[in-house]
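The values are calculated or read from the model by the stated rules, or taken from the named source; none is laboratory data. Quick caveat, the model's predicted, so the values are computed rather than measured. Virtual Cβ from ideal backbone geometry, glycine too; neighbours counted across all protein chains shown. Side chains included, ligands, DNA and RNA excluded: accessible areas come from the protein's heavy atoms. Shrake-Rupley method; radii C 1.70, N 1.55, O 1.52, S 1.80 Å.
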Amino acid sequence: MATAPTPDPKKPFLSDIQEIRRRARQHIEKGAVTENYKADLTTSIRVLNEALATEIVCVLRYKRHHYMAKGIHAKAVAEEFLEHANEEQGHADQIAERIVQLNGEPNFNPEGLLMRSHSEYVEGQTLADMIQEDLVAERIAIDSYSEIIRYFGDKDPTTRRLMEEILAKEEEHADDMSTLLAHVGKEK
Ligand SMILES: [Fe+2]
Ligand SMILES: [Fe+2]
């Protein structure tokens, strides 16, 4: 990567405030996206729509698991599934909102949803199966979101921060699932 030129201490930090103001007016209809947007907008929106699909699939899988949880540990685990489903829904909303800010369209089309999603929809038979599938899905999300964060880097710090926040939550989810799996697996 090229090193940034050392800033002239006598000059204002913003390179050319007049020019920035002029450009801001020029494409006013583009909302939050200025000409300074460093990432490739089409790629950014595509990548975010894949993350959106991932979150929706996670909502559906956790919901299914919430309603299907059976057995002695079922109540506590079912509650955890529901909590995760709601948090994944929150992530989906945050991502959709960001897509719109970038002048894109959030893809909520059920057709092709699984193709766009990084994680899978696996129902699982036993409670342990379900927890394991959720753990796998969280681990997939952790990997793919880490890659997305690297893509945005300093080209789009706002989206990067959003995805970092979501990633931290997925890590918590994975940890929750792995703790549950240890309990449920042991007492089976
Ligand atoms: Fe999520
Ligand atoms: Fe998650």
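What do you reckon, is Glu88 closer than 15 Å to Leu52 by Cα, within 15 Å of ligand 1 (Cβ to nearest atom) and open to solvent by 80 Å² or more (accessible area, probe 1.4 Å)?
Details: closer than 15 Å to Leu52 by Cα: yes; within 15 Å of ligand 1 (Cβ to nearest atom): yes; open to solvent by 80 Å² or more (accessible area, probe 1.4 Å): no.
So Glu88 fails the test.
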Filter region 141-155 down to residues that are within 12 Å of ligand 1 (Cβ to nearest atom) and without any contact (Cβ under 8 Å) to a residue 60 or more places away in the chain, then give me how many there are. 1
Quick check on my filter: what residues within region 54-79 are within 16 Å of ligand 1 (Cβ to nearest atom), buried (at least 21 other Cβ atoms within 10 Å of the Cβ) and closer than 22 Å to His183 by Cβ? Cys58, Arg61, Tyr62, His65
So for region 107-120 (the condition being within 11 Å of ligand 2 (Cβ to nearest atom) and either at pLDDT 95 or above or among the acidic types (Asp, Glu) (or both)), does at least one residue qualify? no
Across region 121-137, the tally of residues that are more than 16 Å from ligand 2 (Cβ to nearest atom) and open to solvent by 70 Å² or more (accessible area, probe 1.4 Å) stands at 2
Yes or no: Ile140 within 28 Å of Lys38 (Cα to Cα), within 16 Å of ligand 2 (Cβ to nearest atom), hydrophobic (A, V, I, L, M, F, W, C) and open to solvent by 50 Å² or more (accessible area, probe 1.4 Å)? yes
Given the criteria within 14 Å of ligand 2 (Cβ to nearest atom) and either among the aliphatic types (A, V, I, L, M) or in contact (Cβ under 8 Å) with a residue 12 or more places away in the chain (or both), does His66 qualify? yes
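Residues of region 31-45 being open to solvent by less than 20 Å² (accessible area, probe 1.4 Å) and not in a loop (DSSP other than H, G, I, E, B), which ones?
Selection gives Ser44 alone.
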Among residues belonging to region 150-188 that are among the hydroxyl-bearing types (Ser, Thr, Tyr) and within 16 Å of ligand 2 (Cβ to nearest atom), point out the one that is farthest from the chain's Cα centre (by Cα). Thr179
Enumeration of residues in region 91-106 that are away from ligand 2 (no atom under 16 Å from the Cβ) and open to solvent by 60 Å² or more (accessible area, probe 1.4 Å): Glu97, Val100, Gln101, Asn103, Glu105
If you scan region 153-179, which residues turn out to be crowded, with 16+ Cβ neighbours inside 10 Å and either at pLDDT below 95 or of a type in the set (Val, Ile, Thr) (or both)? Thr159, Ile166
